[in-house]
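Read the structure below first, then the notes.
The values are calculated or read from the model by the stated rules, or taken from the named source; none is laboratory data. Predicted model, so just to flag it, every value in this text is computed and none were measured. Glycine also receives a Cβ, built like all others from the backbone with ideal geometry; neighbour counts cover every protein chain displayed.
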Amino acid sequence: MSLGQDQLDIEIFKGLAGVRLAMRRFLAFSEAVLTKAGITSQQYQALLVIKVAANNAIMIKQLANDMLLSHHAAVQLADRLVAAKLVLRTASQEDRRSVFLKLTASGEALLDTLARDHLREMLAHEPLLAESLRRLRQMGEPDA
């Protein structure tokens, strides 16, 4: 197996470089698209987290957990999304002290547009990613 050798095979470096290149290209694209849309990468991630939550609604505590944020940072993020009219706060039916975040129609529309753009771009980098990952998998498998 190549990973146990004293010196890594050049193919491992090529695979790692290819993965990082594809990721950097995608992230550069993402930052440009999000800046043009007027939101941050963190706000986009929050919209995605809210969208995939059960019933398309999430409590601040869960948003903080899913995004690896402190509670205070999640509250500030929610405040910015509410101010941008992308999210609204709704009181829980079971516990009035609990507040859920839910996408507004504007938030849904923006997220749909951005998700389509991101999916297209991600798929454009699929060949480089697939080849790089294939190369790394081959190098990590035991010799037959």
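Among the candidates 66, 9, which residue alone is modelled with pLDDT under 95 and charged (D, E, K, R)? Step through it out loud before you land on a result.
Numbers: 66 fails: modelled with pLDDT under 95.
On inspection, the qualifying residue turns out to be 9.
Whenever a residue of region 9-30 is in contact (Cβ under 8 Å) with a residue 60 or more places away in the chain and under 17 Å from residue 117 (Cβ atoms), its partners that are part of a helix (DSSP H, G or I) and among the aromatic types (Phe, Trp, Tyr), lying with C-beta atoms within less than 9 angstrom and at least six residues away or across chains, give the pairs 30/44.
Does residue 129 satisfy the condition of being in contact with a Leu (Cβ under 8 Å, 6 or more places away or on another chain) and among the hydrophobic types (A, V, I, L, M, F, W, C)?
No; evaluated as a whole, the condition is false for this residue.
In the set (1) hydroxyl-bearing (Ser, Thr, Tyr); (2) touching a residue at least 60 places away in the same chain (Cβ under 8 Å); (3) in contact with a strand residue (DSSP E or B) (Cβ under 7 Å, 6 or more places away or on another chain), the condition left unmet by residue 44 is number (3).
Within region 97-112, identify whether any single residue is of a type outside the set (A, V, I, L, M, F, W, C), in contact (Cβ under 8 Å) with a residue 60 or more places away in the chain and over 30 Å from residue 64 (Cβ atoms), and answer yes or no. Taking every residue of region 97-112 in turn, none turns out to be of a type outside the set (A, V, I, L, M, F, W, C), in contact (Cβ under 8 Å) with a residue 60 or more places away in the chain and over 30 Å from residue 64 (Cβ atoms). Scanning region 115-144 for residues that are within 21 Å of residue 52 (Cα to Cα) and touching a residue at least 12 places away in the same chain (Cβ under 8 Å) yields 115, 117, 118, 121, 122.
Being outside any loop (DSSP other than H, G, I, E, B) and under 25 Å from residue 29 (Cα atoms) is the requirement here; does residue 122 meet it? Criteria met by residue 122.
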